[in-house]
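The values are calculated or read from the model by the stated rules, or taken from the named source; none is laboratory data. Keep in mind it's a predicted model, so treat the numbers as computed, not measured. Glycine gets a Cβ as well: all are built from the backbone with ideal geometry, and neighbour counts include every protein chain shown. With ligands, DNA and RNA removed, areas are computed over all heavy atoms of the protein, side chains included. Shrake-Rupley method; radii C 1.70, N 1.55, O 1.52, S 1.80 Å.
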Amino acid sequence: MDKRIPSPAEAVAQIPDGATVMIGGFGGSGAPIELIHALIDQGARHLTVINNNAGNGHVGLAALIEQGRVDKLICSFPRSADPVAFVEAYKAGKIALEIVPQGTLAERIRAGGAGIPAFYTPTAFGTEVAEGKQIDSFEGRSYVRELWLKADYALIKGELGDPHGNLTYRMAARNFNPIMATAARVTIAQVSRVVDLGGIDPEHVITPGIFVQHVVEVANPAQEEELNRAEAVYP
């Protein structure tokens, strides 16, 4: 039951080439920078990554893309504040892109965690995003059928964790992280502090430990925006 792992490197060591990996965060908020950098160091290639955006600057997800580790990206906003790494890779034909509207992305992930294979949404009807997808009508309105999203691994960032994997989040970092934890076969969470069992009020638990396989403490996590302001480059 003790799910603690000593380091980010040991936490991601199991991720193989070709894995599908969900990475939490909304921009830099809730992005597990240390786990992503550990994955770069680990060397896994040909990854499919599911994230809200495509990274910024030359750290975190952007660095993973820049190092040529990502074959396909499933996201809502590939053109964010400073998406140079993704743009260059995409223009060079080195990475495939699947655009998913943000609400649809969240619901596809939630559906994956809830065991719902498909659902209908009016979002994207009549656009290129809906091409090739099943369209049905309900009460006179057209809806696009969307499929669940699941992953082999999820890399997420919490605030507090305990040895059983129960998690809380800090403010806006409670974005894609909780739903991604439910939709992956193996969820790896970095947290700012691991507390003893009972150290988290059960009423405050956002992600129950049943959805988390590994917890690693990162006491002073890096923030993507701060790294980019410092013009950091990883590795």
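So which of Pro83, Pro101 ends up being closer than 19 Å to Met180 by Cα, surrounded by fewer than 23 Cβ atoms within 10 Å (Cβ to Cβ) and in contact with a helix residue (DSSP H, G or I) (Cβ under 9 Å, 6 or more places away or on another chain)?
Pro101
I'd like the full set of residues that are open to solvent by 70 Å² or more (accessible area, probe 1.4 Å), in a loop (DSSP other than H, G, I, E, B) and within 17 Å of Ala63 (Cβ to Cβ), limited to region 205-235.
Listed by number, the residues that qualify are Ala230, Glu231, Pro235.
Do the conditions hold for His46, that is, is it touching a residue at least 12 places away in the same chain (Cβ under 8 Å), of a type outside the set (Val, Ile, Thr) and open to solvent by 70 Å² or more (accessible area, probe 1.4 Å)?
Yes: the conditions hold for His46.
Show me the strands (runs of 3 or more DSSP E) entirely contained within region 105-175 in which 3 or more residues are of a type in the set (D, E, K, R) and either in contact with a helix residue (DSSP H, G or I) (Cβ under 7 Å, 6 or more places away or on another chain) or closer than 24 Å to Gln14 by Cα (or both).
By residue number, 151-161.
Would you say Ala130 is under 30 Å from Ser7 (Cα atoms) and in contact (Cβ under 8 Å) with a residue 12 or more places away in the chain?
no
Can you tell me which residue within region 176-204, out of those that are open to solvent by less than 40 Å² (accessible area, probe 1.4 Å) and either in contact with a His (Cβ under 6 Å, 6 or more places away or on another chain) or assigned to a loop (DSSP other than H, G, I, E, B) (or both), is nearest to Val21 (Cα to Cα)?
Ile188
Would a scan of region 163-172 turn up a residue that is open to solvent by less than 30 Å² (accessible area, probe 1.4 Å), more than 23 Å from the chain's Cα centre (by Cα) and touching a residue at least 24 places away in the same chain (Cβ under 8 Å)?
No, every residue in region 163-172 fails to be open to solvent by less than 30 Å² (accessible area, probe 1.4 Å), more than 23 Å from the chain's Cα centre (by Cα) and touching a residue at least 24 places away in the same chain (Cβ under 8 Å).
Here are Asp17, Asp2, Asp41: which of them is within 23 Å of Ala219 (Cβ to Cβ) and either out of contact with any helix residue (DSSP H, G or I) (no Cβ under 9 Å at 6 or more places or on another chain) or part of a loop (DSSP other than H, G, I, E, B) (or both)?
It is Asp2.
Does Ala92 satisfy being out of contact with any Leu (no Cβ under 7 Å at 6 or more places or on another chain), within 24 Å of Ile65 (Cβ to Cβ), surrounded by fewer than 13 Cβ atoms within 10 Å (Cβ to Cβ) and among the aliphatic types (A, V, I, L, M)?
Answer is yes for this residue.
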